[in-house]
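What follows is a set of notes on a single structure, which appears directly below.
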Protein chains: 2
Amino acid sequence: MNSSKPSTETSGIEYLYNPRSIAIVGASPHQRKPGGRPLVALKARGYKGTFVAVNPRYDEIDGIPCYPSLLEVPEDIELAVLSVPAAQVLKVLQDGVVKGIKAAVIFTAGFSEVDAEGAALQGEITELAQKHGIRLLGPNCLGLMNLTNSVMASFAHIMDLEPITPQTLAFVTQSGAFGAMIYAEATAAGVGFSSFASVGNEADAGFADCMEYLLDDPHAEVIGGYLEGARDGAKLRQVAERALQIGKPILILKVGRTGAGARAANSHTGSLAGDDEVYDAFFRQMGIIRINDLSELTAFVLLHRSGRNFEHTNIAILGGSGGHGVMLSDRCESLGLSVPEITGTTKQRLEEILPAFGSARNPIDLTAQAGRDPRMPFKCLEVLSIAEGIDIIFMQMFYSDERVAKKIIEIQNSTDKPIVVTARRNGGSESEDVGFEMLKEARIPVLFDGLQGAKAVADLSWYQRKVRRAREDAAKTTPAQPRTNPVADKLLQSGKQLTEFDCKQILQAYGIPVTREKLATSADEAVELAADLGFPVVLKVQSGQILHKTEADAIRLNLGSAAEVREAYEEILENAKKYAPDAEIQGLLVQEMLQGGVEVIVGVTRDPVFGPVIMFGLGGIFVEVLKDVSFRVAPLLRRDAEEMIEEIRGHRILQGVRGQPPVSREALIDVILKVSELVSAYKDDIAELDINPLLLFPDGACAVDALITSTSSGPV
Amino acid sequence: MNSSKPSTETSGIEYLYNPRSIAIVGASPHQRKPGGRPLVALKARGYKGTFVAVNPRYDEIDGIPCYPSLLEVPEDIELAVLSVPAAQVLKVLQDGVVKGIKAAVIFTAGFSEVDAEGAALQGEITELAQKHGIRLLGPNCLGLMNLTNSVMASFAHIMDLEPITPQTLAFVTQSGAFGAMIYAEATAAGVGFSSFASVGNEADAGFADCMEYLLDDPHAEVIGGYLEGARDGAKLRQVAERALQIGKPILILKVGRTGAGARAANSHTGSLAGDDEVYDAFFRQMGIIRINDLSELTAFVLLHRSGRNFEHTNIAILGGSGGHGVMLSDRCESLGLSVPEITGTTKQRLEEILPAFGSARNPIDLTAQAGRDPRMPFKCLEVLSIAEGIDIIFMQMFYSDERVAKKIIEIQNSTDKPIVVTARRNGGSESEDVGFEMLKEARIPVLFDGLQGAKAVADLSWYQRKVRRAREDAAKTTPAQPRTNPVADKLLQSGKQLTEFDCKQILQAYGIPVTREKLATSADEAVELAADLGFPVVLKVQSGQILHKTEADAIRLNLGSAAEVREAYEEILENAKKYAPDAEIQGLLVQEMLQGGVEVIVGVTRDPVFGPVIMFGLGGIFVEVLKDVSFRVAPLLRRDAEEMIEEIRGHRILQGVRGQPPVSREALIDVILKVSELVSAYKDDIAELDINPLLLFPDGACAVDALITSTSSGPV
C-alpha cells in the first residue's frame, strides 16, 4: 500500500479482506457444515496464504493440519474464522488475543439478535476485540469472500459458484440470505464480484467500515450494498463523500421504504431504520445511487465498465421490433432521458439504408428486414455513431456470432459514444456465446433485459454529472466550518424553551434576516416601539410556555394606531393568562407587519442516524396538503441548497406566476446555508428548528416567525 | 351460440376465430415460409375442420390437396388465409366473394403502412370485403391462432411452441413482432393462451372488434392486449363496459406514454395515438388494467385463475429470508396494500411455532430454520389461514415436492383466503416440477418473481372492486341519456364564437348555477342593472372577438357605486375598441361580485380517439404550476365524477383546510355530471369548454366565468 491511503493502513479492515494467514476455528471434516465449507473453498480456489484448522477432535482435515486451539497453531495467524457455539466465542477470542490475531469473522448466531443475554455477550466480545485492536466481522453473519485473492472466510453456498470475470463489483450486505441471493442472480447475469461481505450484527466492523476499505481496493470498481438501516450515518457520509471525489460509484438497495418494511427491517437485524425520506435525500445528496431491483445494479455495472461518458443523454434506439423500441423509448423519456427526433443529414442517410416501410424516426424501426439483410443494422449504427445530436446508442440485436461482434466492436472503436446492446438469448448456441464473449471483452455492455438499460443509463448519467460537479466544487470552495456564537451558546444552553424573540436573536447572530421587532413589557412601551417601527404592526405574546400563539389567541395582526396597540396589548395579556395561568411571560413582541412575498418554510429535524436534517418547502397549503418538501442532511454545500429548491414540485412559484415577479433565489439559498451552519455548530443542542413562514421577496428574505427547541429544554 | 349473444352472431369475427374450413392461398411446400407455416401448424395441432391449399404450382402439398385458385376448391371455405404478393390480394378476394368466403386473414405487407398507393389499394380491398360482408384481419399482420380449436391462421414462429394448459389468456396485438415476444415469454412463465390475434393495419376488423368477440369466448378468461393507439374509441369503450359487467378482465400494455414513444407508435402502424393522459383516465374509468410489463400480465392471469377474492388487502408475508420479505412488503405498501402488524392470539400462536430468533412480526421471518424444520412454514400458514385481519397470504417457498404441495393444497382447501406462493426455481428437479404442477392444478398461483405478485394483487383487487361497484351501479341507476336543448341548439349552431354571456345561458339551460348577471348596452342600463343586482358588481366586455378580457383590460371588479359603474363602462368600451377595433360588441356584462369560496376548473377537450374528455382541477396555481388535474371520457357516471375528485393530489383542500369549512362535494359532482350531459349531447358541436373559475361554497357552486368554443365557429 502506498502513502496516499492512510485510512486503510490503520483501520485493520484489510486483515478481513486480505489476510496473509487464516485459521478456521471449529473446523469440520463435513464439507457442507459451516465449519467445513471455508476449508473446502480455500483449497478449491487456491488461497495463497497459510491456512490451518482448529478443532480438538482432529489432527488434520482433508490434508490440512488441525490444532486443538489457536494457541497451539505454530504459524502466525492474522484472521480467525469462528464457527463455534456462542458460549465458546469469548474464549476463542481470548486465545486470539494471546495469539496476536488481527481480525476475526464470527459466523455464530445467538447474540444481540436474540435477547438481552446475547446482547451482553456481544458487548463483552466487542470490548475485548476493540481493546486489543482486533477487527470483528459479525457475529451472526455469512462471512466474507474476496474473489481476487481467494480469501473464503464464509460458509455461504455461493462460494460454490464459478466466479465470473472481470471481477469488479464489491458487495456489502446487512442480510446474509438476501445478499447471497443477489450474488447468485448477478453472477447468472454475467456480473463478476471482487468481494462479498455479510456484516451480520455489526458488533465492530460495520457496513460503512467495509465500504471505506473498498474505496482503496483497486479491484472494486463499483461498490454495491444491501442496507436495512445505517448504524453510523456520519461514517457513511464520510465514505460517500470520498467515493464521490474519487469517482467510485456506490449503489445501495435500501429496504424499509414504508411502514411495514421499516418494522421488518428492525426485527431482522435489530438495526435502527431512519425515516426513508431522509435516506432518499441523503443518497441524492451524496451521489449514492439508490436501486430498487437487482437488475438495475447489474446493468449499471456493465455500463460503467464501458468507461464511456453518459452525461449527455440524447438517445437513439435502433430496434428490430417497433413495439420494443417504443417501450424502451417510453421508459427512457419517463426517466428524463431524451429520444429526439432524427433530422437533417442523419435522417437522409438512414432513409437511404432503410427499406421502404421501415422508419427513420427514433426509435428506428428496422422491421423484419433486419433479419434478412444482416448489414443493414450496422450501416445504421455507423450513421448514428457520427450523427450530431445523438449521444448514446441502444442497439437491439437478434443474434451475435463472431462476425456480428467484430462489426460492432469496429464501430465502437471509431466513436466515443456509448453503444449499449440489448439482446435476447435465443437458447444460446455456441457461436452466439462466442459473440457475446467478444463484446464483453471489448467492454460493450450486453443487456438481456432491454428496459433495465434505460434506468442504468439514467443512473450513470446522474452519477457522472454529480461527480463532475463535486470535483468542480472541491476545486473552488471549501465547505464552511461549523462556528458557534456567544448569543446562541447562551440561549441554547439556558435549559429553557426559547421564545420567538430568543430564536430570532439566534437567527440574526447567524446573519439570517428577521422582521424588525422589539420586546415590550408595558402597553406604553409597546405603543412607543410601534411608533418607532411605523404602523401597522403585529403584537405577539412571548413565553416559553405558549408556543402556539394563535391557539392561545395571543397574537394581533395589522394594528394601525397607538390606540389599537394599547387595546391589543391588554387583550393578549389577558388571553395568555387564561390559556396558561402559570406561564412565565417574557413580554410582548412588537413586530413590523410585512405585506406580500411568497411564504416558504425552512425547518430542521434531528434524525437518529444522520443528525440534523434540513427541510425546505412552500408554505401554507402546499406543505399541509401536498407535503411538497425536500430534505438534505447538514452540513450543506451550496449545490445541496440549490437541489433542495429544484426538487419541490411547486418550485416554479418562486420564479413568479400569475404576473408576480420572481423572488430572490440567492436570498433563499443564503438562509438555507446559514441554517445549516447554525444547526451543524449545535447539532447536539438543537432538537428542532422551524422558520415558518420565511417570506421571500424579489430582493431578499425575512424570517417572520421562528421556533427552536433545544435538546436540554425538555418536553414542552 | 345462445340468444344472449346477439353481437357475435352478426359481427362475423367468429369466422376468423372459429372457421369450419380454411384455405391457405399462396400455400408453399417450404415449411418455414409464410405460405408453408399455417399448413404445417394446422396438421401438427390437429385442426378438425377442412383445410386445403391454393397455389397453381402444386397439386398437393405434403398430402394436403392444392388447387389453382379459390374458385376451384370443391369444398365450402369459410376462412381464406392470404400469403400472396400485395398486387394479387384484390384478385384473390374477388375470387373469395364468388366462392362465398366469410373471412380472410391477410399476411401481406405493402399497404397503408408504406405509402399513398398502398393505402389506396387497402381502401379497395376493404370496400370490397365490407360490401360482401367478408371480415378481414390485416393486412400486414402475423395472423391469428386459436389454441382451443387449432385454427392456425398465422405464420408466426410462436406456433411451434408447445401450448401450455390451462388455455385462458386471449391476446390481441397491434404489433406482430412484439406480440409474438409477449406470447413466447408468457408461455415460458407458464401462462397458457386460448388465442392470439395480430391485427396489423386494421383495414376492417380491429383491436376492439377482436376483443368484442372474446367477451363471448368462454375459453378467454382474461383478455390481454398490446395497444399503440385505438382507432375506434367508442367501440373500445362499449367493449370495456360490457367486459366490466360480465367481469372479464382486460389488461392492456399501452405504449406511447411520452413524446418520442407516441411518435414511434405513429410511424409503426400509422395509428393515431391520443394523449396518454386520456388513455390513462379512460383505462381507469373503464376498469381496464394498464400494465407496464409482461410479468404483471402473467402474474395477474395466475392470480385470477385462483378464483379467490382479493378485494380486501391485508397481507401476511411468510418468508424464509428477511430481506426478501422486507422488499415484498415495501412493494406492497407502495402500491397501497397493507402489511399490518400481527397482534393478539395470532401473534401468540406464531410465537409458539417460531424459533427464538425468528420473528412473529409481518413480514414473518422464518430464518434459516425453515430449511431444517420442514413443518414450520405449514404450521404458520395454518395459523394465518384462520387469522382475523389477514386477507391474503404470500408464502415464500424453498422447494416444492409432492408432499409440500399436498400440504399447501390441504390448507388452501380449508380457507377462502387467497394463498400466493412465491418460489425460486432451484434448477428444477423432477420432484419439484411435480410439486409445482400439483399447485397449478389446484389453482394456487406460483410466482417465480415474488415482487411482481404485489402489483398483480393490487391490480386484481382494484379490478374486483371496480366490477362490484359497476354491478351495483347498473342495478340501481340508468345512465342519463344525452339531451339537447333549444337554447344550446341555437347558440352552438350559430356559427359564431360565443361570449361568456352566451355560454352562461347554455350552462343555465343544463341546470348549472351561474353568477347573477345581465347584459347592458348603455352606461345607464349598466347602472340600473347594478342597482338591481346590488353592489359591488363586476363589469366585463362581451364580444366573440375578445375572449381574453383581462388581456384587453376590458374587465373591472368590485365596483361599489353607480359612479364607479358609469366610469368603468366607458373605460372598458374604450379599451375594447383599442384592443380589437373591428370587434362586434354584444354589450357589457353586469355581474354580481362573489366573495370567498374555493376556485376549481371544470373543462372539456375533444380527443380525436375518445371524443369529449372532461377535466377537473383546483384553480389558480394548482393548475398552472402543479398540473394537478384529472380526466374522464364523457359520458360520465356519478362514480366517475367521484373518482375524478378523489384523484387530484390536492383534493383535501375541498374538505376544508386552515380553518375553512368543507365545500359542497355534491354541488361539484352535480356540475361535472351536467357538463357531461351537455357535451355528450353536443359532442360534434363543442370543441372546447371551460368553466374557470367554478367557485365552490359550503352550500353550492357557481360558474363565475365560462368559455365554449364550437366546432362550427372556426378559429378565433
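List of remarks:
- Applying the condition of being at pLDDT 85 or above and within 7 Å of chain A (Cβ to nearest Cβ) to segment B:349-373 and asking which residue is surrounded by the most Cβ atoms within 10 Å (Cβ to Cβ) yields B:Pro363.
- Top-ranked residue in segment B:172-184 [being part of a helix (DSSP H, G or I), more than 8 Å from chain A (Cβ to nearest Cβ) and aliphatic (A, V, I, L, M); ranked as nearest to B:Lys248 (Cα to Cα)]: B:Ile182
- For segment B:608-625, filtered to residues that are under 28 Å from A:Gly650 (Cβ atoms) and more than 14 Å from every other protein chain (Cβ to nearest Cβ), the residue that is nearest to the chain's Cα centre (by Cα) is B:Val613.
Listed here are the residues, each with its yes/no results for (1) within 14 Å of chain B (Cβ to nearest Cβ); (2) within 29 Å of A:Tyr183 (Cα to Cα); (3) surrounded by fewer than 22 Cβ atoms within 10 Å (Cβ to Cβ).
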| residue | (1), (2), (3) |
| --- | --- |
| A:Val114 | yes, yes, yes |
| A:Glu124 | no, no, yes |
| A:Asn146 | no, yes, no |
| A:Val151 | no, yes, no |
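- Hey, B:Glu162 among the charged types (D, E, K, R), buried (at least 24 other Cβ atoms within 10 Å of the Cβ) and outside the structural domain of B:Val609 (by TED's automatic domain parsing) or not: no
- Only listed residue being in a loop (DSSP other than H, G, I, E, B) and at pLDDT 85 or above, chosen from A:Arg443, A:Arg424: A:Arg443
- Among the numbered conditions (1) touching a Leu at 6+ places or on another chain (Cβ under 8 Å); (2) outside any loop (DSSP other than H, G, I, E, B); (3) farther than 29 Å from A:Gln245 by Cβ; (4) of a type in the set (A, V, I, L, M, F, W, C), the only one that A:Ala203 does not meet is (2).
- Filter pass, A:Glu551 being over 30 Å from A:Thr484 (Cα atoms), outside any loop (DSSP other than H, G, I, E, B) and outside the structural domain of A:Asn692 (by TED's automatic domain parsing): no
- Of all residues in segment A:292-339, those being under 23 Å from A:Asn362 (Cα atoms), hydrophobic (A, V, I, L, M, F, W, C) and either out of contact with any Lys or Arg (no Cβ under 8 Å at 6 or more places or on another chain) or more than 11 Å from chain B (Cβ to nearest Cβ) (or both) number 13.
- Some residue of segment B:340-348 being assigned to a loop (DSSP other than H, G, I, E, B), at the interface with another protein chain (Cβ under 9 Å from one of its Cβ atoms) and free of Cβ contacts under 8 Å to residues at least 24 places away in the same chain: yes
- Filtering A:Ala53, A:Ala87, A:Ala80 for residues that are small (Gly, Ala, Ser) and either part of a loop (DSSP other than H, G, I, E, B) or in contact with a Ser or Thr (Cβ under 9 Å, 6 or more places away or on another chain) (or both) leaves a single hit, A:Ala53.
- Segment A:100-112, residues that are more than 13 Å from chain B (Cβ to nearest Cβ) and either under 10 Å from A:Tyr15 (Cβ atoms) or crowded, with 22+ Cβ neighbours inside 10 Å (or both): A:Ile101, A:Lys102, A:Ala103, A:Ala104, A:Val105, A:Ile106
- Any hit, segment A:306-320, residues being over 31 Å from the mean Cα position of the chain (by Cα), in the same structural domain as A:Ile364 (by TED's automatic domain parsing) and surrounded by fewer than 24 Cβ atoms within 10 Å (Cβ to Cβ): yes
A quick yes/no check of all residues on (1) within 14 Å of chain A (Cβ to nearest Cβ); (2) out of contact with any Pro (no Cβ under 8 Å at 6 or more places or on another chain); (3) at pLDDT 95 or above:
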| residue | (1), (2), (3) |
| --- | --- |
| B:Pro166 | no, yes, no |
| B:Ala170 | no, yes, yes |
| B:Ala186 | no, yes, no |
| B:Ala197 | no, yes, yes |
| B:Leu214 | no, yes, yes |
| B:Gly225 | yes, yes, yes |
| B:Gly229 | yes, yes, no |
| B:Lys235 | no, yes, yes |
| B:Gly259 | yes, yes, no |
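- Residues considered: B:Glu642, B:Glu688, B:Glu666. Of these, the only one that is under 22 Å from the mean Cα position of the chain (by Cα), surrounded by fewer than 18 Cβ atoms within 10 Å (Cβ to Cβ) and not in a loop (DSSP other than H, G, I, E, B) is B:Glu642.
- Criterion violated by B:Asp489 - all others in (1) assigned by TED's automatic domain parsing to the domain that holds B:Ala552; (2) acidic (Asp, Glu); (3) out of contact with any helix residue (DSSP H, G or I) (no Cβ under 9 Å at 6 or more places or on another chain) satisfied: (1)
- Considering only residues in segment A:206-223 that are surrounded by fewer than 24 Cβ atoms within 10 Å (Cβ to Cβ) and among the charged types (D, E, K, R), the one that is farthest from A:Lys235 (Cα to Cα) turns out to be A:Glu221.
- The residues in segment B:618-636 that are surrounded by fewer than 23 Cβ atoms within 10 Å (Cβ to Cβ) and either in contact with an Asp or Glu (Cβ under 6 Å, 6 or more places away or on another chain) or not in a loop (DSSP other than H, G, I, E, B) (or both) can be counted, and the count is 7.
- For segment A:509-530, a residue qualifies if it is closer than 30 Å to A:Glu677 by Cβ and among the small types (Gly, Ala, Ser), and the qualifying residues are A:Ala509, A:Gly511.
- Being surrounded by fewer than 20 Cβ atoms within 10 Å (Cβ to Cβ) and more than 23 Å from A:Ala156 (Cβ to Cβ) is a condition met by no residue of segment A:34-48.
- Criterion violated by A:Glu124 - all others in (1) within 26 Å of the chain's Cα centre (by Cα); (2) modelled with pLDDT of 95 or more satisfied: (1)
The values are calculated or read from the model by the stated rules, or taken from the named source; none is laboratory data. Note that the coordinates shown come from a computational prediction; the quantities given were computed from them, not determined experimentally. When we count neighbours, we look across all protein chains shown, and the Cβ atoms used for this are built from the backbone with ideal geometry, even at glycine.
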